1. Quick check: is even one residue across the range 232-240 in a helix (DSSP H, G or I), in contact with a helix residue (DSSP H, G or I) (Cβ under 6 Å, 6 or more places away or on another chain) and modelled with pLDDT of 90 or more?
2. Being modelled with pLDDT of 80 or more and surrounded by fewer than 16 Cβ atoms within 10 Å (Cβ to Cβ) is the requirement here; does residue 2 meet it?
3. Name the pairs: first residue in the range 298-323 and assigned by TED's automatic domain parsing to the domain that holds residue 276 and closer than 16 Å to residue 280 by Cα, second residue among the aliphatic types (A, V, I, L, M) and not in a helix (DSSP H, G or I), Cβ to Cβ under 7 Å, at least 6 apart or on different chains?
4. Is it the case, given these coordinates, that residue 318 is surrounded by fewer than 19 Cβ atoms within 10 Å (Cβ to Cβ), under 20 Å from residue 276 (Cα atoms) and at pLDDT 75 or above?
5. Looking for something of a type in the set (Phe, Trp, Tyr), in contact with a helix residue (DSSP H, G or I) (Cβ under 8 Å, 6 or more places away or on another chain) and over 29 Å from residue 418 (Cβ atoms) - is there at least one such residue anywhere in the range 116-138?
6. Whether any residue in the range 384-400 is in a loop (DSSP other than H, G, I, E, B) and modelled with pLDDT under 85 is what I want to check.
7. Here is a list: 684, 643, 607, 694. Which entry is among the basic types (Lys, Arg), outside any helix (DSSP H, G or I) and either in contact (Cβ under 8 Å) with a residue 60 or more places away in the chain or surrounded by fewer than 18 Cβ atoms within 10 Å (Cβ to Cβ) (or both)?
Amino acid sequence: MTHQSSSQQPPYRHEEGRFDPSLGELVTILWQRRGVVLISFVGVLMMAVLGISQWSEHYLAVAEVGISHPVGHGKWQGHAGEIGGARDGGVTISAQEIETLIAQMKSQDVLSAAAAVLRGDGVWADPISQGEAIDRIRAGLEAKRIGNAAVIQVTYQSPSATRSAQVLQAVLESHVWWREERQKQSLRQQVQEVSSQYETAQRILADRENSLMAWQRAAGVLDVEEGKLMLERIYALDAEAEDIGRELAVARVALENVREGQTLADLLALPDVASNPIVSQLAERFDALRSEYAALDQRYGPKHPVMKSKARALDDLRAKLMEAAKAASRSAHHALDLAVAGAAEKLKLVTAQRDQWQARLMERHDRMQGQAALLRAVEAARSEVLELGTKTQNLQREFAAFRGDMDILRPAAVPSTAEFPNRRDLYLMAVLAALFGAVVAAMLRHYFDQTIDDDFDVETRFGSRLFARIPMMGPHDLSDKTDTAVNEAVGHLAVLMRIMRQGTPGEKGAPNSAQIQSKDEARAQAQVIAMTSAVSGEGKSHLTRHVARVLAEFGARVLVINADLHDPGMGLVHEGAETPRDVNSAIIGDMTAVLAGDCAVGDAIGRVDAGGYDYLGANLPVPGNIATGLLEAGLGDLIAELRGHYDHIIVDTPPILSVADAIVAMGAANVWLFVLRCGHSKKRDIAQAMDQMRAVGIVPDGVILNGARPRRAYGVAPSATPLTEDMG
């Protein structure tokens, strides 16, 4: 049959099918969708306002702390000339020391002192515990070094501007006070130790002076050798007294360390505790178990049952080790108490013995010899007293003039503005987000409106007639339970194909012999129907199967050719067949072999018993270029050879926009049907497919709208069961 020329079709604007708007078109789209824009803008803005109403602004108070001299070196030590950078007035501070100071600022002691001050000032109106106050301070406190300078910038963030400044100032003052107290305590211990040594030296000097005076009163003449021996004995007793004095000082220091040791590490650091057999044995087991735990932790992870068992064993062993260390510490404490008491008593006895020997020496020695010996002892004691007195005075003077190594360079001030983002910034961002959301909503609405629906006017938009509206088809369309509405729609389409094959009826009156002969010749040739679509998923293969079945039921000889060599599939056969050879008992050949000339057409055509039509298709997919070449070279001749044996030949083509095979297959047909699907087909895809067909002079005879809303069947009550869609 003849077809209308493409020039007679109404012009089609290709731009209407594309979603590539310019700036002017974008403004037009937003105006057309102003309802969606307004609703989206108001909705997003209201949700943002509700969220912002729950937002609390934060104020950041800033302060700076400077280090006046190197950490750990106070002015009282008098080594300013030896400190690096101190000669030219500079201060050299390492990054590790800065990090230590920052960690000390966030320590429990400093924050506890700050929390106590703040609670006393009534900064927190609500009653909170000490732990909660410390947690609040630590959560908002931050500290960092400014460049490479010996300056630390400290900040505190709080919802209240006044509170942020108060908390930050309390933390700074507590930190400076805490460091000064630690440094003063160290200096105070030095003063006490030197003062104790000075008092002891004074007592020794007084004793020696008294001894010298007593000797001078009761000195006698002694033998020279005997005097030397007695003098050596006195020197030995002096040396022994000095050794005992040092041992006494060491014992006192060790006793103080034992008293201060609280943790396991501190206890194990004590020699008396570490040398305990039980403690040393448990320490070795603890170290071995901890090494084993570390090795297993890399393999299994902390949640593994083995790791949990090891962790419990490690905790038990640590507790045993702690108990043993404490027991050893108590023993060491008792032993040190006895050692201190014994050393003091021994020192007293040695001193008394030395005094006795001095008394005897003064009584028995020659005045010149005894006086010289006693003068040396007195001079040594006096020299020691002078040295210790000078050191004590220097330490007391430096303690009185003590000044810490940290200064508050910039105190905390009440911030005037909140930190970003404040409420004004959030409201501005909410407006921008609402505008953006409104634009996106309008564009999405416009984009999804490109999908055709049941009311889509095919003839107005694309210049092709609507041949049929096919309702949604279920998964068992070849069974006896096929929906009546679907059968009626497909039946109307099949009748229309038969009318088109028979030709247009002549004018009124008896037909002449030429008209009768032309119709007979037309009936002798098969009608070649090409079923095509723009993209896959339009239901084209299912529709081909339905039309073939209905035409076969009318008594026509029908052949279905699957021209999709890229993806042959089984949609044109039936749902239960796994390969084309399962269509019936006969062995089916391959359409690819027929087009290549390796197989006869009769050997490749199979019978679909369930549909009553013949089927010709490929068994396996064929690569793109080869498939196109085979169709272009042999499909026209194949159809021409088969036209005399069938009434209808339905060619199922691949999607037009996927491969070029569809255009090649449609060139061999005389009826072109274009299949669309409601809710799936896009206007831009339809426009592109129409443009490709018109480029080669193909204008579809009609459009089939698949997936349309079903209408009530004539003479049959409406079904209560909803129809489902399975387009395949």
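1. No, the range 232-240 has no match at all.
2. no
3. Close Cβ pairs satisfying both conditions: none exist.
4. Yes: the conditions hold for residue 318.
5. No - not one qualifying residue is present in the range 116-138.
6. no
7. The match here is 607.
Each row is one residue, and each column tells you yes or no for (1) of a type in the set (Gly, Ala, Ser); (2) in contact (Cβ under 8 Å) with a residue 12 or more places away in the chain; (3) farther than 30 Å from residue 58 by Cα.
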{"residue": "148", "(1), (2), (3)": "no, no, no"}
{"residue": "164", "(1), (2), (3)": "yes, yes, no"}
{"residue": "170", "(1), (2), (3)": "yes, yes, no"}
{"residue": "176", "(1), (2), (3)": "no, yes, no"}
{"residue": "201", "(1), (2), (3)": "yes, yes, yes"}
{"residue": "207", "(1), (2), (3)": "no, yes, yes"}
{"residue": "214", "(1), (2), (3)": "yes, yes, yes"}
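The values are calculated or read from the model by the stated rules, or taken from the named source; none is laboratory data. Here the structure is a predicted model, which is why all the values come from computation and not from measurement. Glycine also receives a Cβ, built like all others from the backbone with ideal geometry; neighbour counts cover every protein chain displayed.
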